[in-house]
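Report on one structure; see the data block that follows.
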Amino acid sequence: MASPTQITASTCCYCGVGCGVLIEHDGERILGVAGDPSHPANFGKLCSKGSTLHLTGDLDARGLYPQLRLGKALARSRTDWDSAMDHAATVFAETIREHGPDSVAFYISGQLLTEDYYAFNKLARALVGTHNIDSNSRLCMSSAVVGYKRSLGADAPPCSYSDIELSDCLLIAGSNMAYAHPVLFRRLEEAKTRRPDMKVIVIDPRRTDTCDLADLHLAILPGTDVALFHGILHVLLWEGWIDRAYIDAHTEGFEALKALVRDYTPAAVAEICGIDCQALQACAQWIGQAPSFLSLWCMGLNQSTAGTAKNSALINLHLATGQIGKPGAGPFSLTGQPNAMGGRETGSLSNLLPGHREVGNADHRTEIAAYWGIDALPETPGLSAIELFDAVHDGRIKALWIACTNPAQSLPDQNKVHAALVACPFVVVQEAFFTTETCHYADLLLPAASWGEKEGTVTNSERRVSHVRRAVPAPAEARPDWSITCDFARRLEKLLRPGLPSLFDFHDSEALFEEYKHLTSKRDLDLSGLSYALLDDQGPQQWPFPAGALSGCERLYANGHFPTTSGRAQFLAEPYRAAKERREARYSLTLNTGRLRDQWHGMSRTGTAPQLFGHAQGPVLELHPDELRRRRLVDGDLVKLRSRRGSLILPVQADDSIRPGQAWLPMHWGNRFLRGLGTNVLTLPAFDPLSKQPELKHAGVEVDRVDLPWQFFALIEGQVQSRFEALRPLFEGFAYASLTPTGRERPALLIRAASAVAPEPQLLAQIDRLLDLDQGPVLAYDDPRRTIGKRVRIEHGRIVSIRLAGETAASEWLKGLWQEGRADAELRRWLLAPLSAPPGNVASSKVGRTLCNCLNVSESAICTGIAQGLDLDGLKQTLKCGTSCGSCVPEIKRLLAQQPTAVNA
Ligand SMILES: Nc1nc2c(c(=O)[nH]1)N[C@H]1C(S)=C(S)[C@@H](COP(=O)(O)OP(=O)(O)OC[C@H]3O[C@@H](n4cnc5c(=O)[nH]c(N)nc54)[C@H](O)[C@@H]3O)O[C@H]1N2
Ligand SMILES: Nc1nc2c(c(=O)[nH]1)N[C@H]1C(S)=C(S)[C@@H](COP(=O)(O)OP(=O)(O)OC[C@H]3O[C@@H](n4cnc5c(=O)[nH]c(N)nc54)[C@H](O)[C@@H]3O)O[C@H]1N2
Ligand code: SF4
Ligand SMILES: [Mo]
């Protein structure tokens, strides 16, 4: 029985800002979500993703029961948990006995809770006896981990969010925080409004929405950050803008660095980076003369074969100017996933151990083994994500357990990843949504509880630990991750170490937290003073928080003492090296990939909310207008985008926010929404030598025009998830196909496809059946000779389903009629005539674009408002756009800057 509405305070499951949310529910179902005003990350704010959490998670997409297949050629079928777990334990035990512990591996995720991570670590390292446990943080934070450890001695972002507000000069490098850390960006916007003298510098090859706040945007050439940072240091030295006293008292290695940066003259650096000398000079001056200087960075630095060198070169600037350990200052890496930090703390990269320890350190191994009550931890190092999938591919790994990540979409070089998953004898996937690309390869598929359904802790980018509280039970038989992991571990230990006491005697997540926290005692991240009760009582806390402490620590290294052997921070002198495929110069374009404002990674969750497709409606490749002209392409043309590893077919669009020679494609598109293996079929597995983080941001690519004259368009209202599942397989035979949810009050599925020749009539008939266009109130016109056909289903005077085949010139017009709920005489006349072009003007694809997702305000409405002379405040008052989460404000401001306003308005 559902009880009256209740509120549970928890956290958002998306980005590393780690906002607090208030979940409104009735004990069974989640009804709404609001920002938690008392949470120190967001003080009540949420972004477009957080504020729509309750609209996501369609049960049709969720995993509800375990599924097992007993042979690769067979289909999976439903099973019960006992059989599923016993089967998994038997296969793992046999594999370990026959091929040794390193023949199995665990690939986990920065979206697990700390307790889940801890259970997985203990399972792999203590019970199985392998360090083959790595996480998707390898694709995300591992360069920052190495950067902090090498320069400062420990993997600890030293700053707090309040420092962003206090800083006088903020350098944002390789981070599009307007999209990826929006609530923090809102805090920065407000701070800059209060203190307009604050300088903001953005370093990004693209002009992103984050540049809206920039006093200076350096659109450096891809991968040239190390040269830029060395160039800045060169100027700082030349002008005497360094802090000699700080360098002498608290650092080591400055002389070597000084010698290295001598060659990085402004002229040389301007050339390498493709920027002008004055801009470089201004950037150095602002940094050198600012009372406080803070840097923020994310994937534009980390995802590179020079990821660790980029991190070190940036931290060098802070050490040289003494800008660390004081308010408004410091090198502040933004973590991507909600609990990427918890993963680092619990040792969830193959080279780490719990409590910021190292596998390569014998004392650390001994400490952990003693705490766990086992003889020893293995000495053999574990494999990192890319190496791990290589080992799966060559057959060295024979049983693979994947949890809370979708490697068949997110790893680079997807052809190889898919081949590896096909070849692996036993793949377990522990997932909340059974719709992902990786689920397809699971021999055993386990339904996991997800947002709002599980309890534990997470640590956000500013080292702040929050208690994640459960609001509702998980659907059907889905279970929290820690409990799946511990259940499997208990069955496996009966087979591997019979008769011995269990290592996994945990009955709730709190028991895991209590065991884990003592492993951090007296270490840099000391969490031993925390407990669920304390977090409930005093709210989220920053570490270190040792036993007996009254509060956490806002800022590290205030005393200039660093956790290195000498107690001094280290300067690192590493030369600039070009990105791998820019060195080879075989391809004319460099492909840059990253995030959209309203989507999250493989879109298993955000992809269930049609309104989140309002801002970016489907996969498109963006190129500078000159690149389109050079290739005689126009917006919407289909192209083949190819790299050395694979290719994709999708439409192009002109965009002058990137420079010529570059291409931009969101990372989100995988095989589910776009035919082919998605964005990462193109990216390269080459990785940084120290962090082993792959170069996801710079792939050499080429664009070729394709001729696919037979085009297809369809739209069907209602039951989006189930229709998606039924229709998606039918589009495998097309050269191009994109399927995306659309709509808002009336959710629908939108399909675009193309091929060289018309498909078999039976296939079209099958598609029509699933589109409800084979019977009932359907108007149809078919011209079999020209293989052109159009069908529209009209119910209660409104269009509910559309299909155009052969030619799709009328698609935008029809979509507009559907949106407006019109089905008038004009439509009927057009439908019954052989014409395919729409009557009157065709709306451009921008018309339907929603800029303000909270209040459903389209780009065209905003443009009309601007043309009438409205300014930002006027638009907010009249249209209400930008008045809720604020994510669309930078884009509205850009439109205002572009469009001439009405005279005397
Ligand atoms: N909306 C949304 N938000 C998210 C996520 C999401 O999926 N969707 N994911 C979360 C996760 S896990 C992460 S890791 C973060 C990522 O957050 P960000 O790193 O901010 O996001 P990205 O779009 O991947 O990349 C940031 C920028 O790096 C730039 N860049 C590319 N190459 C270079 C270069 O060589 N140098 C420099 N200086 N910049 C470069 C790109 O042009 C891009 O604008 O976002 C988190 N937040
Ligand atoms: N080209 C390119 N590729 C990239 C990047 C890029 O910038 N460019 N960025 C990289 C980065 S930084 C990252 S972090 C990765 C992200 O890549 P992935 O980790 O593959 O991304 P997600 O789609 O978030 O996968 C998380 C999965 O966990 C499931 N899930 C959600 N909640 C739960 C839960 O509570 N339990 C379980 N068991 N499952 C759950 C979701 O349904 C989803 O399928 O992508 C990387 N790949
Ligand atoms: S900024 Fe948005 S996505 Fe990130 S935690 Fe906050 S509400 Fe969630
Ligand atoms: Mo990430």
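The values are calculated or read from the model by the stated rules, or taken from the named source; none is laboratory data. Everything quoted here is computed from the prediction, not taken from an experiment. Please note: Cβ atoms are built from the backbone with ideal geometry, for glycine as well, and neighbour counts cover all protein chains shown. Note: areas computed on protein heavy atoms with side chains; ligands, DNA, RNA excluded. Shrake-Rupley method; radii C 1.70, N 1.55, O 1.52, S 1.80 Å.
A few notes on this one:
- Between Asp782 and Glu514, the modelled label-to-label distance comes to 7.0 nm, taking each label 7 Å out from Cα in the direction of the beta carbon.
- Arg659 contributes an accessible area of around 70 Å² to the protein surface, as traced by a 1.4 Å probe with all chains present.
- Per residue, the chain exposes 35 Å² of accessible surface when a 1.4 Å probe is rolled over the protein heavy atoms with every protein chain present.
- Accessible surface, 1.4 Å probe, highest first, among residues Glu581, Glu732: Glu732, Glu581
- DSSP-loop GluC sites (Glu not before Pro) across the range 309-402, with at most 15 other Cβ within 10 angstrom: Glu379
- Separation of alpha-carbon centers, the range 743-773 and the range 340-367, rounded to whole Å: 51
- Ranking by accessible area, most exposed first, for Asp58, Asp598 with a 1.4 Å probe: Asp58, Asp598
- Estimated dipole of the range 658-768 in Debye, rounded to 20 [Cβ of Lys and Arg +1, of Asp and Glu -1, Cα centre]: 320
- Modelled FRET efficiency - R0 35 Å, Glu94 with Tyr371, Cβ distances, 0.05 increments: 0.75
- In units of the rule-of-thumb radius 2.2 N^0.38 Å, the chain shows an alpha carbon radius of gyration of 0.94.
- Taken about its Cα centre, the chain carries a charge dipole of about 1620 debye when Lys and Arg each add +1 at the Cβ and Asp and Glu each add -1 at the Cβ.
- Whole-Å distance, taken between Cα centres, linking the range 607-633 and the range 849-902: 21
- Using heavy atoms of the protein chains and a probe of 1.4 Å, the accessible area assigned to Trp813 is about 30 Å².
- The share of Cα pairs per 10 Å bin across the range 142-333, counted from zero up to the longest distance, runs 10, 40, 40, 10, 0 percent.
- Sorted peptide list for 224-232, 485-493, 112-120, 3-11, criterion being average Cβ within 10 angstrom, highest first: 112-120, 224-232, 485-493, 3-11
- Full extension of the segment from Asp774 to Arg631, taken as 0.36 nm per residue of separation minus the current Cα-Cα distance, would add 47.4 nm.
- Counting only DSSP beta bridges whose two residues both lie in the range 568-680, roughly 45 percent are antiparallel.
- Whichever lysines have a C-alpha closer than 30 Å to that of Lys893, once near sequence neighbours (fewer than 8 apart) are set aside: Lys45, Lys49, Lys192, Lys199, Lys697, Lys815, Lys846, Lys876, Lys880
- Ranked packing of 409-420, 256-267, most packed first, by mean Cβ within 10 Å: 409-420, 256-267
- C-alpha center-to-center spacing [the range 34-63, the range 669-689] in angstrom: 28
- For the range 710-828, fraction of C-alpha pairs farther apart than 20 Å, in %: 36
- Here the chain exposes an accessible surface that is 51 percent carbon and sulfur, computed with a 1.4 Å probe and the other protein chains kept in place.
- Radius 10 Å from Cβ of Leu127, net charge of other residues (Lys, Arg +1; Asp, Glu -1): +3
- Net charge dipole size for the range 165-286 [Lys, Arg +1 and Asp, Glu -1 on Cβ; Debye, nearest 20]: 220
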